[in-house]
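A short reminder: the numbers here are calculations on the coordinates, not readings from a lab. All of these numbers come straight from a predicted model, not from anything done at the bench. We place every Cβ from the backbone using ideal geometry, glycine too, and count neighbours over all the protein chains shown.
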Amino acid sequence: EKGGYEHFMLKEIFEQPKSIHDTLRGRLLVDEGIIKMAGIWDHLERLNKAERIVIIACGTSWHAGLIGEYLIEEFARIPVEVEYASEFRYRNPIITNKDVVIAISQSGETADTMAAIKLAKEKGAFVYGICNVVDSSISRFTDGGSYTHAGPEIGVASTKAFTSQLTILSLIALKLGKHNGNLSNVEFMRLITELDALPKKVEEVLATTHDLVKEIAKDFVGAQNFLYLGRGYNFPAALEGALKLKEISYIHAEGYPAAEMKHGPIALIDENMPIVIIAPKQGHYDKVVSNVQEIKARKGKIIALVNKGDVQVSNMADYVIEFPETSECFSPIIASVPLQLLAYYIAVYRGANVDQPRNLAKSVTVE
Ligand code: F6R
């Protein structure tokens, strides 16, 4: 059932060209120039009239929510806040019937997320669900929603569900923006064409980085800490990269927006600190270059994720992983793949139980 792979996690990492394609299938109709989503269409007015969208989720789904914030604010120009479900539910949040709450959950069973949805509904919000498991509790309890259709995810560490969540959030943001007039037709067409190319690019990044990342991982089996840095859309991707590493390899890792380094974490950097930097060409590249210079000056071990043909960051890096270029807003979908592989191989070399990490469960049904 693992289809020849050693672990479900590796199988699911490799399924991503297909799972992203499945998320897009029947929804993204590039030739007709439309995004067809019944869940959004049925509630379009409610969603586009929202005074505010509040995204609630836990863990990896919360990271997807952070990228959702960037997407929806950029393309639909609706104010968005992202909150951990466990915090939202206990702090008497200000929610009214003019708000829309988007709940993101792979399993659709997470106790804190469910409780946060109940609270939001009581306060009159319209609640939209993004779930992977069909007919799960959250998908049944929400007022509307979209399934990610990534297929069953068995590995405890979320991989393909995450990239499908990013894909569905991209579709939602672009559809809202198109209908509320914030996104021009030309821009909409350019972006959906990029979106359509993602399954192929994810296939390419798997093919071109797998062996290399597997080699790089060997050098970090004994690492005790890791930093993950990114800016813009890739700041949440850095958080997610760090979470993947800590949950399956048990190495302490933290993600930061690259510019936050100088406000504290830079004190941690010496020749023993591995630092993963996500630095695509599109997305504050020059700013990231100067962040990398600061790290280089302090002798940190730099593992750089860059686009093909990159020179500046690559010249300063100890390890270079190239990935195909896309619009900044979609780059976390591609950049996350080598980060998943890096976490996976470091964990495998450490002899960890990758599919069943200690202390973790696939679906967290207790708060
Ligand atoms: C990380 C991971 C967890 C889940 C979190 C939320 O790899 O799997 O952090 O993302 O428990 O789960 P769902 O999305 O099922 O609500």
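Taking H as built 1.01 Å from N, whose amide H comes closer than 5 Å to the amide H of Leu28, not counting residues under 5 places away?
Lys36
How large is ³J(HN,Hα) for each residue in the stretch 197-208, as worked out from phi by the Karplus curve 6.51 cos²θ - 1.76 cosθ + 1.60 (θ = phi - 60°), to whole Hz, x for Gly and Pro?
Each residue of the stretch 197-208 in turn: 7, 4, x, 5, 5, 5, 4, 5, 5, 5, 5, 8 Hz.
Amide H of Arg231: which non-local residues (sequence gap of 5 or more, or other chain) have their own amide H closer than 5 Å, using H built in the peptide plane?
Amide H neighbours of Arg231: Ala258.
For the chain, with only Lys/Arg (+1) and Asp/Glu (-1) charged at the beta-carbon, what is the dipole magnitude about the Cα centre, in debye rounded to 20?
Taking the Cα centre of the chain as origin, the dipole is about 300 debye.
Could you check the simple spin-label distance between Gln356 and Leu212, using points 7 Å along Cα→Cβ, in nm with one decimal?
3.6
Quick one: length gained pulling Tyr5 to Gln282 fully straight, 0.36 nm per residue minus the C-alpha distance? Spell out each step's value before the answer.
On the way: separation 277, 0.36 × 277 = 99.72 nm, distance 3.39 nm.
Between Tyr5 and Gln282, full extension yields an extra 96.3 nm.
Once amide H atoms are placed 1.01 Å from N in the peptide plane, what residues at a sequence separation of 5 or more from Val82, or on another chain, have their amide H within under 5 Å of its amide H?
So Val82 has HN proximity to Ile55.
Take the alpha carbon gyration tensor of the stretch 177-275, find the square roots of its eigenvalues, order them as a ≥ b ≥ c, and report rounded if a/c is under 1.5; if not, report prolate when a/b exceeds b/c, else oblate. Mind showing how you got there, number by number?
Numbers: a/c = 3.22, a/b = 1.63, b/c = 1.97.
The shape class here is oblate.
Suppose each label sits 7 Å from its Cα in the direction of the beta carbon; what would the Lys123-Asp135 distance come out to in nanometres?
3.3
Calculate how many DSSP beta bridges within the chain are antiparallel, expressed in % of all such bridges and rounded to the nearest 5.
The answer is about 5 percent antiparallel.
Compute the angle between helix 59-75 and the longest alpha-carbon principal axis of the chain, please, reported from 0 to 90 degrees and rounded to the nearest 10.
So the helix axis and the longest Cα principal axis differ by about 70 degrees.
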